[in-house]
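Student: Let me begin by handing over the structure; questions about it come next.
Computed from the coordinates by the stated procedures, all read-outs in this text should not be read as laboratory data. Quantities reported herein were computed from a predicted structural model and do not represent experimental measurements. Please note: Cβ atoms are built from the backbone with ideal geometry, for glycine as well, and neighbour counts cover all protein chains shown.
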């Protein structure tokens with residue numbers, strides 16, 4: 001939730017549902033009123049019902065989109081680094097502890113995935129070298 005305009009972002013696939021937080025009611029409890037849905041891929045914001053975000057809320061939503069994209073990009077890189085660690089752990093396990101039956105369970109799928117990844121990486125690195 002932001003302290004500027006009192007918005008709460010309920011994160012969901014490709015964006016968020018955005019709620020205005022209301023604390024000024026008779027029961028003095030938090031009430032969430034959905035005002036929009038935002039898609040972080042294309043930046044589209046769709047108001048919900050009769051609600052229209054104010055200019056300040058729209059600015060806050062735009063800032064949230066920028067920050068969310070940065071967060072997701074950092075997570076993606078971290079996921080790839082973790083995948084590398086998992087591949088190293090897997091190699092060590094296969095070399096030291098895996099039985100033939102266990103290897104038979106996953107070897108073909110893993111080899112195909114690794115081949116596909118290698119092909120994509122080689123092509124991307126080659127294209128980058130050609131541009132230089």
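Student: Among 74-80, 45-51, what's the highest-first ranking by average C-beta atoms within 10 angstrom per residue?
Tutor: Numbers: 74-80: 9.7, 45-51: 12.3.
Averaged packing, sorted descending, gives the order 45-51, 74-80.
Student: (i) 68, 44, 24; (ii) 43, 31, 25; (iii) 66, 46, 30: which one is Cα extents along the principal axes in Å as calculated from this entry?
Tutor: (i)
Student: With contacts defined as alpha carbon pairs under 8 Å and 6 or more residues apart, what's the relative contact order of the chain in percent? Write out the running numbers ahead of the final one.
Tutor: Details: 100 pairs, mean separation 15.9, N = 132.
After rounding, I find 12 percent.
Student: Please say if the range 59-129 is rounded, prolate or oblate, where rounded means a/c under 1.5 for a ≥ b ≥ c the square roots of the C-alpha gyration tensor eigenvalues, and otherwise the choice is prolate for a/b larger than b/c and oblate otherwise? Don't jump to the answer; show the numbers that get you there.
Tutor: Numbers: a/c = 3.39, a/b = 1.94, b/c = 1.75.
Judged from the Cα gyration tensor, the range 59-129 comes out prolate (a/c at least 1.5, a/b above b/c).
Student: Normalized C-alpha radius of gyration of the range 7-71, against 2.2 N^0.38 Å? Mind dumping the intermediate values first?
Tutor: Numbers: Rg = 12.2 Å, N = 65, 2.2 N^0.38 = 10.7 Å.
In units of the 2.2 N^0.38 Å rule of thumb, it is 1.14.
Student: Let me ask something additional. Per DSSP H run of n ≥ 4, the term is -39500 (n - 2.57); total these for the chain, divide by its residue number, and report the mean residue ellipticity at 222 nm rounded to 500 deg cm²/dmol.
Tutor: Values: 2 runs with 74 residues, N = 132.
Calculated mean residue ellipticity at 222 nm is -20500 deg cm²/dmol.
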